[in-house]
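Peer 1: My structure is below; once you've seen it, I'll send some questions.
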Amino acid sequence: MPIKGTFTGSHSFGALKAPLGPGITATGGSISYWNGWTIHTFTSNGIFSVAGIPATGQTMEYMVVGGGGPGGNGLGGGGGGGAVIHEQSHSTQTGNYTVTVAAQSPTPQGQSDSGIPNGRGYDSSLQYPNGTVMTAEGGGLGGWWDGQTGYSGGCGGGGANKSNGNSDWVSGGNTRQPDYGCRGGSGQRYPDNNSNNDHRAGGGGGAGGAGHWTCGTDGYYQNHGNAANYGGATGGCGYYINFDGTARYWAG
């Protein structure tokens with residue numbers, strides 16, 4: 001079953017729902033019912049099968065969610081959320097829809113992107129019976145120690161801190177799929193360049209909002225002195241929707 005609340009980290013869900021008319025049957029996934037709709041939810045790979053003859057103009061609605069991106073290793077930025085593809089009026093096709101749900105996203109090896117495919121989390125996808133594939137990309141890898149920019153993905157990963165006496169901004173990653181996700185927040189060395197402990201990294205982007213920048217006002221910082229590695233940034237919110245009777249956020 002889908003999980004309530006803000007969706008973060010490395011998991012993802014793919015969901016399909018179809019209003020079933022006369023002569024149409026559908027199988028696959030975990031089936032539930034709400035407000036006259038039959039809902040097929042996939043939390044692992046599977047087949048959504050539609051049989052019969054669709055009524056004229058009959059449509060179905062689906063949502064595909066990419067896997068979350070990993071956070072950066074070593075004072076790193078937050079990982080980006082996966083892209084969310086939401087189609088509200090897809091013309092019903094009979095046949096098999098192949099559903100691929102992102103596995104748990106990989107973990108960075110050391111302070112690099114070694115072992116991270118394409119610098120982002122895993123993708124989820126839905127393949128129509130006619131072969132068309134809709135892919136929700138995984139979120140971007142967060143930047144890591146000493147100024148690594150965030151990676152781009154379904155939503156962008158947050159940029160890392162900028163050290164070595166440089167107070168410039170470090171970019172967060174962008175979304176690779178416009179309209180399906182948001183960019184990550186920037187990282188910065190803040191508020192001065194006199195201490196090696198002023199490490200601040202950006203929040204990862206979410207499908208409903210961009211990741212935030214790194215820190216508050218001078219007064220906020222001064223209240224905590226030069227506490228090592230203190231502070232951080234809020235990640236972007238998820239995509240908010242109610243399609244099964246329970247409103248929730250996806251891909252934060």
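The values are calculated or read from the model by the stated rules, or taken from the named source; none is laboratory data. The model shown is predicted, which means the values in this text are computed figures rather than measured ones. Heads up, the Cβs are rebuilt from the backbone with ideal geometry, glycines too, and the neighbour counts pull from every protein chain shown. For accessibility, only protein heavy atoms count, side chains too; no ligands or nucleic acids. Shrake-Rupley method; radii C 1.70, N 1.55, O 1.52, S 1.80 Å.
Peer 1: Of 134, 60, which has the most accessible area and how do the rest follow, probe 1.4 Å?
Peer 2: 134, 60
Peer 1: On to the next question. For residue 37, what accessible area in Å² do you get when you roll a 1.4 Å probe over the heavy atoms of the protein chains, rounding to the nearest 10?
Peer 2: Solvent-accessible area, nearest 10 Å²: 70 Å².
Peer 1: Once you have the Cα-Cα distance between residue 107 and residue 56, take 0.36 nm times their residue separation minus that, and quote the gain in nm to one decimal.
Peer 2: Full extension of this stretch gives 13.6 nm more.
Peer 1: Heavy atoms only, probe 1.4 angstrom, no DNA, RNA or ligands counted: give me 128, 33, 62 ranked by accessible area, highest first.
Peer 2: 33, 128, 62
Peer 1: Leaving ligands, DNA and RNA out of it, rank 240, 151, 122 by accessible area with a 1.4 Å probe, largest first.
Peer 2: Descending accessible area places them as 240, 122, 151.
Peer 1: At a Förster radius of 25 Å, what calculated FRET efficiency corresponds to the Cβ-Cβ distance of residue 133 and residue 168, to the nearest 0.05?
Peer 2: About 0.05, to the nearest 0.05.
Peer 1: Per residue of the stretch 32-41, what does 6.51 cos²θ - 1.76 cosθ + 1.60 with θ = phi - 60° give for ³J(HN,Hα)? Whole Hz please, x for Gly and Pro, Karplus curve as stated.
Peer 2: Per residue, the Karplus-derived 3J(HN,Hα) values read 9, 9, 7, 6, x, 9, 9, 10, 10, 10 Hz.
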